[in-house]
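Q: Sending over a structure as structure tokens; questions will come in a sec.
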Amino acid sequence: MKRLPHSLILILCLWLLLGCTLRPEALVVAPTATQEARATPRPSATAIAATMTATPTMTTPTATTTTTPTAIPLDPTPTLAPLSREERKAIFERTWTIVRDRYVYDDYRGVDWDALRLEFTPRIVAAEEPETFYELMRELIDRLGDDHSRFESPQQVASQQAEFRGELRYGGIGALIRTVDEGGLILMLAPGAPAERAGLQARDLILAVNGKPFIDEDAFGPEGPIGEVRGEPGTFVRLTVRSGDDPPRDLEVVREAVASDAFNRVRGHLLPGGHVGVVEIPSFYVDALDVRTREAVEELLAAGTMRGLIIDVRGNSGGYVHLMRNTVALFHDGGSIGSTSGRASREEQQIPAGQTIPAMADIPIAILIGPNTVSAGEMFAAGMQVLGRARIVGEPSAGNTENLFGYNFDDGSRLLLAELAYHLPDGTMIEERGVIPDRQVGGEWWRLPPDEDPQLLAAVEELGLVSGIGDERKN
């Protein structure tokens, strides 16, 4: 099971769960730089009865992270209500039983699951404070160590559901940042947010926050430098920033409320010359993601000059499986991209027919992937590859494609459990291995403007077109 990549992407105005591959029946959660995958699964037809009921819903897992939120949520989440001893024991016993019977690995990844029942039972009984109880439930599932499965408190579930609907807001500055050796590299700015208005730009480097060196881990609390950046709207944060080779400068940024989906949006643009379109899909954890992708592609097609399309999922953190399949369906009419199977079930991953974008029929596609392409993002790239619809460019993906099922309890909490693993049509698993690009191209592309991005340039070559951003042609 792969762990997270070395560098973390920190979202200053948004806390995305760990990217994930989710289906309406199943939830897939996979690891991404600073994101934790989430999904709001649809209850399955067969609810599992118990003293404290748990309703299963299926998703495709993306690996979770332990990164703390990079912004303060402004919208209230449910207050944790005390649970009786009997209620706590019912949730614990149901959770333990579900894992025993349905976990994708029948050896529990070397964990003595029976012994954990004996260890945790007295602790659960003694956990009268709800915070303590939910922390124990998180610890129990964390013992599986699969970077996918997890237990979520009612507050976490409510927050994630609001984010999926685009209703959650955070207090921050509106900047997407990646930790590098020198400091915090700004990857993207939310349009109109405080960071942009303060004059910050993509590829600026944050050297210090409130006078503390960004890379000095001991200077900050457990939340790191992001804990210094985030805060209540209307308050200030002082940043020391360097742009290129210019000398460092200090500036104060006023925090504001920022929409939780500020960076989790489909974006499309034409490269210089107008012949190559680029569509970025940051995750499949977005309501109507397939519709938004269709709209972005059709807008590029409307220019009348696009002859090739690049789909960038290098930072895709996963999401719902059905949205992933519907997105593949925009470019390929039907077919199978493989299957998911577990201890007691197998399901063909069939692409819907009749949903293709007609004008894309003869337009070649290249897909950019990398170590931060996770879960549903990986299934998307793998599916397009095995269907012969796209050339894959970049570096191998994360190899995190287990499928999660969500079990919702009456108290509002939820168990997300890895129950299925994804297989290509020939039976090959990409768990741990990842999707292998047709053309492997490395390099720290995220440090560079588009006209110097080696993977983007290679993708243009794979399309056999001149992009206008260089004189690259397919050899």
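Q: Hey, can you tell me all the residues within the range 131-153 that are farther than 11 Å from L416 by Cβ and either among the aromatic types (F, W, Y) or in contact with a Pro (Cβ under 6 Å, 6 or more places away or on another chain) (or both)?
A: Selection gives F133, Y134, D147.
Q: Considering only the range 229-272, state which residues are over 27 Å from Q455 (Cβ atoms), of a type in the set (S, T, N, Q) and crowded, with 19+ Cβ neighbours inside 10 Å.
A: Matches in the range 229-272: T240, S260.
Q: Of the conditions (1) modelled with pLDDT of 95 or more; (2) part of a strand (DSSP E or B); (3) surrounded by 23 or more Cβ atoms within 10 Å (Cβ to Cβ), I177 fails just one. Which one is it?
A: (1)
Q: Which one of the conditions (1) in contact with a helix residue (DSSP H, G or I) (Cβ under 8 Å, 6 or more places away or on another chain); (2) modelled with pLDDT under 95; (3) within 30 Å of M360 (Cβ to Cβ); (4) not charged (D, E, K, R) does V279 fail to meet, given that it meets all the rest?
A: Among (1) in contact with a helix residue (DSSP H, G or I) (Cβ under 8 Å, 6 or more places away or on another chain); (2) modelled with pLDDT under 95; (3) within 30 Å of M360 (Cβ to Cβ); (4) not charged (D, E, K, R), V279 violates only (2).
Q: How many of the residues making up the range 96-135 are among the hydroxyl-bearing types (S, T, Y), under 30 Å from S341 (Cβ atoms) and part of a helix (DSSP H, G or I)? Explain how you work it out, then say what you get.
A: Taking the range 96-135 and keeping what is among the hydroxyl-bearing types (S, T, Y), we get 97, 103, 105, 108, 121, 132, 134.
Then drop every residue that is not under 30 Å from S341 (Cβ atoms), which leaves 97, 103, 105, 108.
From what's left, part of a helix (DSSP H, G or I): 97, 108.
Residues meeting the conditions: 2.
Q: When the residues of the range 389-408 are narrowed to those that are part of a loop (DSSP other than H, G, I, E, B) and under 17 Å from the mean Cα position of the chain (by Cα), which ends up nearest to V99 (Cα to Cα)? Working first, answer last.
A: First pass over the range 389-408, keeping only residues part of a loop (DSSP other than H, G, I, E, B): 389-390, 395-402.
Then drop every residue that is not under 17 Å from the mean Cα position of the chain (by Cα), which leaves 396-402.
Numbers: P396: 30, S397: 27, A398: 24, G399: 22, N400: 19, T401: 18, E402: 15 Å.
Here the answer is E402.
Q: Conditions: (1) modelled with pLDDT under 95; (2) among the β-branched types (V, I, T); (3) in the same structural domain as S243 (by TED's automatic domain parsing). I206 meets all but one. Number of the miss?
A: (1)
Q: Okay, moving on. Does any residue in the range 450-466 that is assigned to a helix (DSSP H, G or I) come within less than 7 Å, Cβ to Cβ, of a residue that is surrounded by fewer than 15 Cβ atoms within 10 Å (Cβ to Cβ) and modelled with pLDDT of 95 or more six or more places away or on a different chain, and which pairs are these?
A: Sorted first by the residue in the range 450-466, then by its partner, the pairs are A458/R439; E462/R439.
Q: Taking the options V393, V386, name whichever one is farther than 21 Å from A296 by Cβ, of a type outside the set (D, E, K, R) and in contact (Cβ under 8 Å) with a residue 24 or more places away in the chain. Break it down into steps so the answer makes sense when it comes.
A: Numbers: V393 fails: farther than 21 Å from A296 by Cβ.
Result of the check over V393, V386: V386.
The values are calculated or read from the model by the stated rules, or taken from the named source; none is laboratory data. What you see is a predicted model; the values in this text were computed from it and never measured. Don't worry about glycine lacking a Cβ; one is built from the backbone with ideal geometry, like all the others, and counts go over all protein chains shown.
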